[in-house]
Each structure stands twice: as structure tokens, then as C-alpha cells.
1. Can you name the residue in region 7-19 that is under 24 Å from N95 (Cα atoms) and without any contact (Cβ under 8 Å) to a residue 12 or more places away in the chain and, of all such residues, is most open to solvent (accessible area, probe 1.4 Å)?
2. So V67 fits all but one of (1) open to solvent by 40 Å² or more (accessible area, probe 1.4 Å); (2) more than 24 Å from V101 (Cβ to Cβ); (3) modelled with pLDDT of 75 or more; what number is the exception?
3. Pairs, please: C-beta under 9 Å, at least 6 apart or cross-chain, first residue under 22 Å from T99 (Cα atoms) and in region 30-57, second open to solvent by less than 50 Å² (accessible area, probe 1.4 Å) and of a type in the set (K, R)?
Amino acid sequence: WLPARRTTRVPAVRGFYRQLRALMKPGGLLAQEAGSVGMPQSFGALLELHRQTFAQTWPLAMSSATVAPTDPDDDFDGLYFRVPRLLLLSGRDVNVDPTTVHWQQWQGFVEKR
């Protein structure tokens, strides 16, 4: 392993993602933050890696109303959440549809809280 860098702590190699896929249960999904719209090459490379490893991958975008530093105590922290952030949602099975919602399962989760 290479030492962790401030710019990324995620190994971008196929073997790492194959190991993640092997840990996933059938029907499981992996959500990974994949950068911002200001880093299209990095996002494209990670998207391609996911598509080579998983049966299905969906690119998503999210945003926040506030901009916050990653480490508020670090005066030199240049890593800010810039909107929108890009995410990858990947599944090991081809029959998983993240747009299908099982409301009974969600309701059970809400009732337990």
C-alpha cells in the first residue's frame, strides 16, 4: 500500500474494488463519493473503474446548502465540499433497481427509531 495522501485515501485499483464486491451481499449496493463537478477526469476514471468491476453503476449528484471544510481545525485545508458532489452507486447484481422503493421495509426502519 502507498501511504495515505491528503488528496485521497481510497485506492483506485481493480483489486480493491473486486474485494469490496466480494464482501457485498446479494442485492447490496456500494455508495462512494466520487468528487465534484470540478474534477471531471477523476470522476470519469472512477466511474470507469466501477463499471469494469460491478454489474451496474449509477452516477448521482448531491448538494448541500452550506460549504464546510473537511477539517475545520486545519488552516491549510483546501478540501471543501463544493456543490454539487458526485456519487457512484454500484451493485454486484444486474437485477437491482435503486429507483424501486420497498416502502414496508422503510416504514419498519422508521418505526424502530
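The values are calculated or read from the model by the stated rules, or taken from the named source; none is laboratory data. This one's a predicted model, so the numbers in the text were calculated from it and none came from an experiment. Cβ sites come from the backbone with ideal geometry, for glycine too, and all protein chains shown count toward neighbours. Heavy atoms of the whole protein, side chains included, go into the accessibility calculation; ligands, DNA and RNA do not. Shrake-Rupley method; radii C 1.70, N 1.55, O 1.52, S 1.80 Å.
1. Per the stated criteria, the residue is Q19.
2. (3)
3. Matching pairs, first to second residue: E33/R85; A34/R85.
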